[in-house]
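A short write-up of the structure that comes next.
The values are calculated or read from the model by the stated rules, or taken from the named source; none is laboratory data. Only a predicted model underlies this, so the values are computations on that prediction, with no experimental measurement involved. A quick note on method: Cβ atoms are made from the backbone with ideal geometry, for glycine too, and the neighbour counts reach across all protein chains shown. Just so you know, the surface numbers come from the protein's heavy atoms only, side chains and all, with ligands and any DNA or RNA stripped out. Shrake-Rupley method; radii C 1.70, N 1.55, O 1.52, S 1.80 Å.
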Number of protein chains: 2
Amino acid sequence: MIFIAERLNGQFHDVRKAIEQQDRGVIQKLAKDQTDAGATYLDVNVGTAASDQEGAMKWLVEAIQETCDTPIALDSQKLPVIQAGIEALKPGSEFIVNSCPLNKRDDEAILDKYLGLVAEHNCSLVTLTMDKEGVPQDVDKRAEIAMMIVAQADALGVAMDKLFIDPIVLPVNVAQDQPTYLLEVMGQVKMMADPAPHMTVGLSNISPKTSENASLINRTFLAMAMAAGLDSAICDVFDTDLMDAAITADMLLNKQIYSDSFLKAARA
Amino acid sequence: MIFIAERLNGQFHDVRKAIEQQDRGVIQKLAKDQTDAGATYLDVNVGTAASDQEGAMKWLVEAIQETCDTPIALDSQKLPVIQAGIEALKPGSEFIVNSCPLNKRDDEAILDKYLGLVAEHNCSLVTLTMDKEGVPQDVDKRAEIAMMIVAQADALGVAMDKLFIDPIVLPVNVAQDQPTYLLEVMGQVKMMADPAPHMTVGLSNISPKTSENASLINRTFLAMAMAAGLDSAICDVFDTDLMDAAITADMLLNKQIYSDSFLKAARA
């Protein structure tokens, strides 16, 4: 399982304040703590409050790379902010671009531009299964967009292990038929594409923000989605129950060898 | 989710002792407590230690039905023990026969006999995907046996909602490739049979008995299997974390309406 840790995001109050006050300590502690908790990547999102988003991204990337080598997922819907992040990275750094926004009229040109980043930097790319009509509400349209992305990446020579397809999670209280659709889309993409791209989700979006059962909903959906082919998630790596569920699902899928101490082994 | 509660089984020390000493109180408390914990059915297995298995089954069934109306799953590999259970049940009781042993040379004749019980009593039947060669180690053979069972049930006019297919869970430490196979078998059966039979497992078998993580392994596999089509399990209904995971998976599969108190609602 590829864990993309979600906490370095300006939508969280502590991170927004740290960006405003240029407080490296808060950022570096979150980077280190998430790494210790099992993050494969650190998602970095300046949030919408930052007045200079490019400058904030540059500052965040430099602050993080001063303190740890965990690869970064540069998270923005704005290409200049992504570009600022790329320029701030230490040369040769592994990273993910999160994500390519497919919601404009010229989707294919935009996708080409982002796939060009992958070719240029040997980085990875998250793409959402949406189009100019927005987020499709049905299984077939999402699977169709996913396969279009796969085909275009393949045509440009992008390796499937550099591509992360995100079928877009919505809160279960808003659209209760969506989780089943997502499971079906993941199953279809994994069946149709060989080799298959990674499948990822913004996991915390599944649970209503006010729910006292958010962690339970998140980890239960994660295990279900992993059975359907999910192999990555942007998630809260500080949620120990969630990480336990993910490690156990990986073990049950025979991706990690069983031993009586498989949890400890995975964490080591 | 259909919960078949596992504790009224002579392999547990307290139940074996209660059978030996004809202590109705122990049995009746387990029946009531499992019902309160969410059991849809109470599995009843006299265990291998009972010298008079037919008598023990009769006594257990009568003891349970004195105290609660929760339907019973008569659990034995011996037809006379099942028959003794059926005769002891109050007339008109809903019940499951668990299970039809398909490991002899005359599988089809045996299956016909058990399917005859379903027709005669309007009960349900659990059948294991095994044959005279034992438990198949691959996906295709299990799916083939499952579809043979479905076809034979259909030919005899047995409704699919009376049929529970059990693809046979083995401990993950014994055969770590098996959980993935099981998920695939469930997916195939649910895809090929329309209407589909129930899919069930002996859930506790997935976790090594000595594992300190048994509950975590059980509930993680349950959520994964529910994503693949599992809709029933013989399990420990006293495991609150397990029941929470199952209720949450049912909610995520849109089988139970979401509300902020969906856990409480499901338990009510």
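Provide the buried accessible surface between chains A and B in square angstrom, both chains summed, 1.4 Å probe, rounded to the nearest 100. Before the final figure, lay out the partial values.
On the way: alone 12560 and 12560 Å², together 22350 Å².
Summing both chains' loss of accessible area gives about 2800 Å².
To put it simply, the accessible area of the range B:118-195 at a 1.4 Å probe is 52 percent carbon and sulfur. Rolling a 1.4 Å probe over the protein heavy atoms gives the range B:187-262 an accessible area of 35 Å² per residue.
Our note on the geometry: Cα centres of the range B:13-61 and the range A:226-247, 39 Å apart.
Placing a label point 7 Å from the Cα of A:Met160 along the Cα-to-Cβ direction, the distances to the matching points in the other copies come to 3.0 nm, shortest first.
Mind ordering B:197-208, B:129-140 by average Cβ neighbours within 10 Å, highest first? Working shown, then result.
Details: B:197-208: 22.5, B:129-140: 14.9.
By packing density, highest mean first, the sequence is B:197-208, B:129-140.
Distances between copies at B:Lys29, taken between label points 7 Å from Cα along the C-beta direction, are 5.0 nm in increasing order.
Give, as ranges by residue number, the residues of the range A:200-234 whose backbone N falls under 19 Å from the point 7 Å along Cα→Cβ of B:Ser259. The answer is A:208-214, A:217. Its residues counted as N, the protein assembly as shown yields a C-alpha radius of gyration over 2.2 N^0.38 Å of 1.10.
Which order do peptides A:63-71, A:160-168 fall in by mean Cβ count within 10 Å, highest first? Numbers along the way, then the final one.
Numbers: A:63-71: 17.3, A:160-168: 21.9.
Output ranking for A:63-71, A:160-168: A:160-168, A:63-71.
Structural size metrics of the range A:6-115, computed from C-alpha coordinates, are Rg and Dmax of 13.7, 42 Å.
Here's the picture: a label point sits 7 Å out from the Cα of A:Ser93 along the beta-carbon direction, and within the range A:110-135 nothing has its amide nitrogen under 11 Å of it. Contact residues in the range A:241-258 by the 50 Å² criterion (accessible area, 1.4 Å probe, full protein complex versus chain alone): A:Leu252, A:Asn254, A:Tyr258. Could you sort the residues of the range A:158-176 by number and keep only those whose accessible area is reduced by 50 Å² or more in the all-protein-chain setting relative to the chain alone, 1.4 Å probe? With the partner chains in place, the range A:158-176 has these residues losing at least 50 Å²: A:Gln176.
Between A:Lys78 and B:Lys132, the distance separating the two model label sites (each 7 Å from Cα on the Cα→Cβ line) works out to 7.4 nm.
Reachable lysines from B:Lys132, Cα under 23 Å, same-chain residues fewer than 8 places away excluded? Once the sequence-local lysines are set aside, what remains near B:Lys132 is B:Lys78, B:Lys104, B:Lys113, B:Lys141.
When you count, for each residue, the other Cβ atoms within 10 Å and take the mean per peptide, how do B:227-240, B:20-33 rank with the highest first?
Details: B:227-240: 22.5, B:20-33: 15.9.
Result, highest mean Cβ count within 10 Å first: B:227-240, B:20-33.
Per residue, the Cα convex hull of chain B amounts to 128 Å³.
Could you please state how large a percent of the accessible area of the range A:4-74 is carbon and sulfur, counting protein chains only and using a 1.4 Å probe?
Numbers: 1320 of 3100 Å².
The computed percentage sits at 43.
Computed from the Cβ-Cβ distance with R0 of 41 Å, the FRET efficiency linking A:Asn122 to B:Met192 stands at 0.45. With its label point put 7 Å out from Cα toward Cβ, A:Gly116 sits 7.6 nm from the same residue's point in the other copies, in order from shortest. Within 10 Å of the Cβ of each residue in A:220-232, the mean number of Cβ atoms contributed by other protein chains is 6.
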